[in-house]
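Since the structure comes first, as structure tokens, the remarks are kept for the end.
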Amino acid sequence: MENVSSGRPGFVVWLTGLPCSGKSTISNWLLPAIRGTGRNVEILDGDIVRTNLTKGLSFDKEDRDTNVRRVGFVANLLARNGTAVVCAVVSPYRDIRDELRNTVTNFVEVFVDTPAEVCAQRDVKGMWAQAKAGQIKNFTGYDDPYEPPTAPHVHIKTMEESVDQSGQKILDFLKEKGWL
């Protein structure tokens, strides 16, 4: 659905990948880049969403699915009204991401592909170390699975690309679609 005031369609850029893979870093790079095209843009970051929108959910599969569906619902509401939305959410299970692909307005799946050992090295919060020490259970990529996308719209390889290069790949895709 297009925004009546601007005539430009909204869209949802869904960044998925392991914890500490670079999703938030890339989304924060995208914010001013998309805004600079004259678009209204919102970021839905997994950590912030869990604090404000989905507080109280656990990290078992059912609650993770509920979390992802709720973020997708909000993102879709915004996109249907012409907003550019960037979601940085681990979203570890392929079936739920595929569900969003089929139900969310102009959904763009971006796989932020970073090896687990690199994510563990980047971890400023110490979550990977806590998972290794048994202090965090069901940690995605350690003792809970992450199912990589089989056909993402954009594939980011953080070990081979700078943040600028990764962000530009996403912008190029959005321009090709006519959304920027």
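Just so you know, all these numbers are worked out from the coordinates, no wet-lab data involved. In this text the structure is predicted, and so the values were computed from the model without any measurement. Reconstructed Cβ throughout: ideal geometry from the backbone, glycine too, with neighbour counts over all protein chains shown.
Helices (runs of 4 or more DSSP H) wholly in region 73-180 with at least 2 residues that are of a type in the set (Lys, Arg) and under 21 Å from Cys20 (Cα atoms) - which ones?
By residue number, 94-103.
Since Arg35 meets every condition but one in (1) of a type in the set (Lys, Arg); (2) closer than 21 Å to Gly10 by Cβ; (3) buried (at least 18 other Cβ atoms within 10 Å of the Cβ), which condition does it not meet?
(3)
I'm trying to understand the selection: among the residues of region 59-82, which are surrounded by fewer than 21 Cβ atoms within 10 Å (Cβ to Cβ) and closer than 26 Å to Gln135 by Cα?
Of everything in region 59-82, those that are surrounded by fewer than 21 Cβ atoms within 10 Å (Cβ to Cβ) and closer than 26 Å to Gln135 by Cα turn out to be Phe59, Asp60, Lys61, Glu62, Asp63, Asp65, Thr66.
Check region 107-126 and report whether any residue there is surrounded by fewer than 19 Cβ atoms within 10 Å (Cβ to Cβ) and within 14 Å of the chain's Cα centre (by Cα).
The answer is no; no qualifying residue exists.
Take region 83-103 and flag every residue that is charged (D, E, K, R) and either touching a Phe, Trp or Tyr at 6+ places or on another chain (Cβ under 9 Å) or buried (at least 24 other Cβ atoms within 10 Å of the Cβ) (or both).
Residues satisfying the conditions are Arg97, Arg101.
Quick one: what pairs do we get from region 29-45, first residue assigned to a strand (DSSP E or B), second exposed (fewer than 14 other Cβ atoms within 10 Å of the Cβ), C-beta under 7 Å, 6+ apart or different chains?
Val41/Arg35
For region 148-161, what are the residues that are surrounded by 15 or more Cβ atoms within 10 Å (Cβ to Cβ) and more than 14 Å from the chain's Cα centre (by Cα)?
Thr158, Glu161
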